[in-house]
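Working notes for the structure below.
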Amino acid sequence: MSIRRFTEVEAYQHADDGYYYRPLVAGEELFSYVAHVPVGGYMPPDAEEAELFELSLFMLEGELDGILDEDRVPLTPGDALHIPRGMPFGVENKGSRTVSFVLSFAPPPPNVDLDTMKQSAIDRGRVVIEAGDVEDVVGPVTFPG
């Protein structure tokens, strides 16, 4: 068992989009991270990735459009959303502040190892943000308060 302090976890750019994540938990049957979507950030739904995972989203701060295939679902703090395997999922932040949420995957992505994620992100050309610099890139984050 290990404890990761959210405020000490670096963030990784998801892809070539406005979406960053801070990995918290990686196990044999589960993977969870806190995502940050800056103002104007967008991650399109991905049908290929949808086939791999069942997802659980819990909103922490801000307002976000969850995109389920072609439908948009408004999400606010305290909302929970189940995304079944096979449902393409994306997000868009049209609001005026950074959005943060917890996203959990079952099963976890293959070969997820918290100790090697940073190098993997670098190898894929993704931006890696040191924990103390996250707000400089994604905007103010008030969670955990």
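Against the conditions (1) part of a strand (DSSP E or B); (2) of a type in the set (V, I, T); (3) within 22 Å of I3 (Cα to Cα), where does V134 fall short? Just the number, please. Only one criterion in (1) part of a strand (DSSP E or B); (2) of a type in the set (V, I, T); (3) within 22 Å of I3 (Cα to Cα) is unmet by V134, namely (1). Pairs linking a residue in segment 63-84 that is crowded, with 16+ Cβ neighbours inside 10 Å to a residue that is in a loop (DSSP other than H, G, I, E, B) and not aromatic (F, W, Y), with Cβ atoms under 6 Å and 6 or more positions apart or on different chains, are E63/T76; E63/G95; L64/N93; I67/P45; L68/M87. Note on segment 10-59: residues that are under 23 Å from D71 (Cβ atoms) and of a type in the set (A, V, I, L, M) total 11.
Quick one: would you say E49 is out of contact with any Asp or Glu (no Cβ under 8 Å at 6 or more places or on another chain), part of a helix (DSSP H, G or I) and farther than 20 Å from V138 by Cβ? Yes: the conditions hold for E49. Among the residues of segment 101-131, those identified as in contact (Cβ under 8 Å) with a residue 12 or more places away in the chain and assigned to a helix (DSSP H, G or I) are M117, K118, A121, A131. For segment 52-91, a residue qualifies if it is among the acidic types (D, E) and out of contact with any Asp or Glu (no Cβ under 8 Å at 6 or more places or on another chain), and the qualifying residues are E54, E61, E63, D69, E70, D71, D79.
For segment 81-92, a tally of residues being outside any loop (DSSP other than H, G, I, E, B) and closer than 23 Å to G18 by Cβ returns 6. Quick one: which residue in M59, M87 is among the aliphatic types (A, V, I, L, M), in contact with a helix residue (DSSP H, G or I) (Cβ under 8 Å, 6 or more places away or on another chain), at negative phi and modelled with pLDDT of 95 or more? Within the list M59, M87, the selection yields M87.
Residues satisfying the criterion are present in segment 38-60 (criterion: loosely packed, with under 14 Cβ neighbours inside 10 Å and within 20 Å of D133 (Cβ to Cβ)). Quick one: which of D17, D65 is acidic (D, E), part of a strand (DSSP E or B) and closer than 20 Å to P140 by Cα? So the residue among D17, D65 that is acidic (D, E), part of a strand (DSSP E or B) and closer than 20 Å to P140 by Cα is D65.
The values are calculated or read from the model by the stated rules, or taken from the named source; none is laboratory data. Quick caveat: nothing in here was measured; it's all calculated off a predicted structure. Every residue, glycine among them, receives a Cβ derived from its backbone with ideal geometry; neighbour counts consider all protein chains shown.
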